[in-house]
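One structure is given here, and the rest of the page talks about it.
Bear in mind that the values in this text are calculations on the coordinates, not laboratory data. Keep in mind the model is a prediction, meaning the values are calculated, not measured. Every residue, glycine among them, receives a Cβ derived from its backbone with ideal geometry; neighbour counts consider all protein chains shown.
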Amino acid sequence: MGENCTSLRIKFVQPNQRGLIPIGKIHCSKSLRKILRKDDFSVSFNQCFTDVVMNCANRKDTWINQTILDQYVILHYKGLAHSVEIWQKERLVGGLYGLALGSAFFAESMFSLISNASKLALIAIMAKVNYGGFTIFDTQFPSKHLESLGGITVTKREFEEMLFLALSNKAEFNRSPVLLNWDQFMQYACDIPKNVLRSSKRKQPQPPDNF
């Protein structure tokens with residue numbers, strides 16, 4: 001992480017308490033499911049990586065500096081760093097970016113320009129990594145907000161043991177066939193009984209193709 005938003009220096013941090021969300025176990029409230037049912041939002045992956053990182057950095061206090069941005073763009077072009085974009089019509093309203101190594105996905109930061117957009121990004125990216133065979137979804141630092149979404153806390157030693165196994169395994173971020181609608185995203189992302197999910201063959205609205 002960057003020392004601050006104006007410095008070019010970065011530092012490495014190893015929390016003694018690590019935040020994780022168990023794969024496929026996001027808590028999705030009834031109110032959030034109602035928003036998803038409306039199909040007002042569409043999803044894309046890796047279409048606007050730089051824009052997502054810059055939006056994540058667009059806050060008063062941020063650890064995302066120019067060095068972080070530059071290095072993650074390089075990792076993105078190498079196929080290691082990924083982003084999810086949440087669209088409302090043609091407007092980018094939320095997103096999340098992170099790093100994929102082995103079968104571990106390290107969620108770095110997310111942003112929301114309207115209510116709940118970052119939660120939608122979290123659901124979409126969790127579905128993507130679960131569908132692709134990932135075994136760790138790392139949120140780095142635990143927080144009350146992430147706990148409300150299903151997050152847990154493990155010790156540094158527990159995380160290192162999990163990570164050792166995850167780095168020895170392979171996962172596929174861009175597994176085919178692709179997930180098509182919010183029901184499928186919820187199926188792979190959320191701890192929801194299957195009988196709650198509606199059966200729908202309708203495809204989600206596609207993101208604008210001019211980005």
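Can you tell me the Rg and Dmax of the range 17-196, counting just the alpha carbons, in angstroms?
In order Rg, Dmax, the Cα atoms of the range 17-196 give 15.4, 47 Å.
Counting helices only, and only those DSSP H runs with n ≥ 4, report the 222 nm mean residue ellipticity of the chain as the sum of -39,500 (n - 2.57) divided by its residues, in deg cm²/dmol to the nearest 500.
Only helices count here, giving -9500 deg cm²/dmol.
Need one number: the % of Cα-Cα pairs in the range 21-80 sitting beyond the 18 Å mark.
Taking all Cα-Cα pairs of the range 21-80, the fraction more than 18 Å apart is 58 percent.
What FRET efficiency, computed as 1/(1 + (r/R0)^6) with R0 = 35 Å and r the Cβ-Cβ distance, is obtained for Asn169 and Lys30, rounded to the nearest 0.05?
According to the calculation, E is roughly 0.50.
Determine the alpha carbon to alpha carbon distance for each of Lys30/Lys89; Lys89/Lys170; Lys128/Lys156 and list only those over 31 Å.
Lys89/Lys170
With only alpha-carbon atoms counted, please give the Rg and Dmax of the range 134-194, in Å.
In order Rg, Dmax, the Cα atoms of the range 134-194 give 14.3, 38 Å.
What distance in nm lies between label points placed 7 Å from Cα along the C-beta direction at Lys11 and Met54?
With each label point 7 Å from Cα toward Cβ, the separation is 2.8 nm.
Run the numbers for Lys156 and Asp40: contour at 0.36 nm per residue of separation, minus the present Cα-Cα distance, in nm.
37.8 nm
Grab the Cα-Cα distance for Leu101 and Asp191, subtract it from 0.36 nm times how many residues apart they are, and report the gain in nm with one decimal.
Using 0.36 nm per residue and subtracting the Cα-Cα distance, I get 30.0 nm.
Quick one: Ile64, Ile26, fewest Cβ neighbours within 10 Å first, how do they rank?
So the ranking, lowest neighbour count to highest, is Ile64, Ile26.
Compute the label zone of Lys89 within the range 29-60: residues whose backbone N is under 20 Å from the point 7 Å along Cα-to-Cβ.
So the set is 35-44.
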